[in-house]
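Read the structure below first, then the notes.
Any read-out appearing in this document is the output of simple, stated calculations on the displayed coordinates, not a laboratory observation. Because the structure is predicted, anything quoted here is derived from the model rather than measured. Heads up, the Cβs are rebuilt from the backbone with ideal geometry, glycines too, and the neighbour counts pull from every protein chain shown.
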Amino acid sequence: MSPPASSKPLTTKTFDGLQGDFCKDEILVRLIHFWEARNFRQGNALMGVELVLIDTNATRIQGFISANRLFRYKDKLKRNSIYKLSKFVSNPSKKLYRVASHKYSISFTDQTLFVEENAENSERHTQQFRLRHFEDLASMVDKHTDL
């Protein structure tokens with residue numbers, strides 16, 4: 001059973017303030033999408049779950065929950081739900097298989113708090129599109145740098 005959503009006012013922290021280290025700040029996010037990451041070179045072993053999160057400024061960031069921590073969060077993951085996220089690590093963004101243009105990505109730790117928030121009256125961004133010129137897309141073909 002999930003802990004009840006807190007009655008504290010919603011936070012205004014965003015991903016723009018990340019410094020590339022452990023972040024104790026609470027950030028209000030919407031979980032846009034998530035999927036399993038598997039290593040096909042090692043028998044399709046589950047590495048973890050990749051996430052796309054968006055904050056109150058419509059900033060998208062890629063997140064990751066490793067397979068050994070997944071049991072803590074798997075039942076909480078619901079697309080389009082709003083969460084309070086804190087106590088995570090921000091690392092330089094991946095060079096391969098990026099799904100967000102933010103310079104950092106986030107990784108869940110043993111201390112990470114990911115609590116669903118009751119946001120009935122909350123006006124939060126639900127998605128964001130990244131438009132590119134054909135020339136930009138043509139230069140990325142078969143380089144495995146962007147999804």
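With a Förster radius of 22 Å applied to the beta-carbon distance between Tyr73 and Ser101, the computed FRET efficiency rounds to 0.35.
Taking amide H as placed 1.01 Å from N in the peptide plane, the amide H of Ser81 sits under 5 Å from that of Leu31, each at least 5 places away or on another chain. Per-residue packing, averaged as other Cβ atoms within 10 Å, sorts the ranges 44-55, 93-104 into the order 44-55, 93-104, beginning with the highest.
Evaluating 6.51 cos²θ - 1.76 cosθ + 1.60 at θ = phi - 60° for every residue in segment 15-28, the Karplus couplings come out as 5, 4, x, 5, 10, x, 8, 5, 10, 8, 4, 8, 10, 8 Hz, glycine and proline recorded as x. What does the charge count near Val115 come to, summing +1 for each Lys or Arg and -1 for each Asp or Glu among other residues with Cβ under 10 Å from its Cβ? Charge balance in the 10 Å sphere: -1. In whole angstrom, segment 19-105 maps to an equivalent ellipsoid with semi-axes of 21, 16, 13, each derived as √(5λ) from the alpha carbon gyration tensor and ordered largest first.
Taking 0.36 nm per residue of separation and subtracting the Cα-Cα distance, what length does fully extending Asn57 through Arg38 add?
Details: separation 19, 0.36 × 19 = 6.84 nm, distance 3.09 nm.
This chain segment gains 3.8 nm when fully extended.
Note that segment 74-82 has calculated 3J(HN,Hα) couplings of 3, 6, 8, 6, 9, 4, 6, 8, 9 Hz, one per residue in order, obtained from phi through the Karplus relation 6.51 cos²θ - 1.76 cosθ + 1.60 (θ = phi - 60°); glycine and proline are x.
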